[in-house]
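Remarks on the structure that follows.
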Amino acid sequence: QVQLVESGGGLVQAGGSLKLSCTASGRTLSTYAVGWFRQAPGKGREFVAAISERSISTVFADSVKDRFAASRDNAKNTAYLQMNSLKPQDTAVYYCAAKLIGASRYENDYRYWGQGTQVTVSS
């Protein structure tokens with residue numbers, strides 16, 4: 001079992017930045033790819049970004065490409081999502097998730113999920 005806890009969410013003005021963290025316990029995160037997803041009010045959960053186990057590959061949704069960056073520090077059992085140039089439409093609950101063997105943009109591929117952290121971007 002892998003337990004995931006997100007942190008770093010909050011309220012920020014448009015154009016600002018936030019860095020989310022996803023810290024794992026129970027097992028080492030180094031054997032898992034980490035995905036980031038978000039869910040805005042009244043909408044379904046959507047893919048944001050993913051990073052492979054050893055940071056060899058990253059995948060981004062078109063809506064965040066060039067603004068968001070995914071990274072990880074396996075020694076700290078933590079993955080990160082750096083969000084820059086934030087827009088009001090980025091407002092959502094952000095979730096991290098973990099899966100074995102390779103980054104994926106499909107939420108059904110992920111076995112373990114965090115509880116989410118709220119990101120609110122004001123205009």
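The values are calculated or read from the model by the stated rules, or taken from the named source; none is laboratory data. All values derive from a computational prediction rather than experimental measurement. Backbone-built Cβ (ideal geometry, glycine too); neighbour counts: all protein chains shown. Quick note on the areas: whole protein, heavy atoms, side chains included, nothing else; ligands and nucleic acids left out. Shrake-Rupley method; radii C 1.70, N 1.55, O 1.52, S 1.80 Å.
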Taking the conditions exactly as written (crowded, with 21+ Cβ neighbours inside 10 Å and not hydroxyl-bearing (Ser, Thr, Tyr)), does Ala97 satisfy them or not? yes
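Residue by residue, here is whether (1) open to solvent by 70 Å² or more (accessible area, probe 1.4 Å); (2) modelled with pLDDT of 95 or more; (3) among the aromatic types (Phe, Trp, Tyr); (4) within 14 Å of the chain's Cα centre (by Cα) holds:
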{"residue": "Ser7", "(1), (2), (3), (4)": "no, yes, no, yes"}
{"residue": "Gly16", "(1), (2), (3), (4)": "no, yes, no, no"}
{"residue": "Arg27", "(1), (2), (3), (4)": "yes, no, no, no"}
{"residue": "Arg38", "(1), (2), (3), (4)": "no, yes, no, yes"}
{"residue": "Glu46", "(1), (2), (3), (4)": "yes, yes, no, yes"}
{"residue": "Ala50", "(1), (2), (3), (4)": "no, yes, no, yes"}
Can you find, within the stretch 76-111, the residue that is nearest to Gly16 (Cα to Cα) among those that are part of a loop (DSSP other than H, G, I, E, B) and among the hydroxyl-bearing types (Ser, Thr, Tyr)? Ser85
When (1) in contact (Cβ under 8 Å) with a residue 60 or more places away in the chain; (2) surrounded by fewer than 19 Cβ atoms within 10 Å (Cβ to Cβ); (3) part of a loop (DSSP other than H, G, I, E, B) are applied to Val12, the one that fails is (3)
Within the stretch 43-50, identify whether any single residue is part of a loop (DSSP other than H, G, I, E, B) and under 16 Å from Gln89 (Cα atoms), and answer yes or no. yes
